[in-house]
Amino acid sequence: MEKNKKEQVEVSTGLKVCRVIGVVLVVAAIAYLVWRGDFDHKGVVGYIDDFMIFMAAFTFAHGSFQKPERRYIRRQLYMLSSLFALLALCWVLMLAFMK
C-alpha cells in the first residue's frame, strides 16, 4: 500500500508567484476581450488579436499550474505563451497602422 503513494513535491515560491501572475493575466485577457476600445476590424481579422492574447495568458497560466515535477512540459507551455504574445503584439501593431 505504501509503495503506491508517491511523495508530494513542495511547490516553490517562484511557482506560486507565477500562478498568481497567470490568473491575473487570464482575467486581464478576458477584460481585453470584453473591452470595445481594441482594434476590432470587420470579420475574422479583428478577432485574431483577441485569440492570441487570450491563448498567451491561458498557456502561461496552464504552465504555472502544472505539477512541479513536470518542468519540461511547463517550459514548453511558457515557450508557447511567449510565441502567442509575440504574435499578438505583431498583430496589434499591424491593426493599429492598418486603415
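The values are calculated or read from the model by the stated rules, or taken from the named source; none is laboratory data. Only a predicted model underlies this, so the values are computations on that prediction, with no experimental measurement involved. FYI the Cβ positions are ideal-geometry reconstructions off the backbone, even for glycines, and counts take in every protein chain you see. Ligands, DNA and RNA are excluded from the accessible area calculation, which covers all protein heavy atoms including side chains. Shrake-Rupley method; radii C 1.70, N 1.55, O 1.52, S 1.80 Å.
Scanning the range 65-73 turns up one or more residues that are open to solvent by less than 90 Å² (accessible area, probe 1.4 Å) and either charged (D, E, K, R) or touching a residue at least 40 places away in the same chain (Cβ under 8 Å) (or both).
Yes or no: D38 open to solvent by less than 40 Å² (accessible area, probe 1.4 Å), at pLDDT 85 or above and not hydrophobic (A, V, I, L, M, F, W, C)? Can you show your working first?
Values: open to solvent by less than 40 Å² (accessible area, probe 1.4 Å): yes; at pLDDT 85 or above: no; not hydrophobic (A, V, I, L, M, F, W, C): yes.
So D38 does not fit the description; no.
Of the residues contained in the range 9-19, one or more are found to be open to solvent by less than 40 Å² (accessible area, probe 1.4 Å), at pLDDT below 90 and not charged (D, E, K, R).
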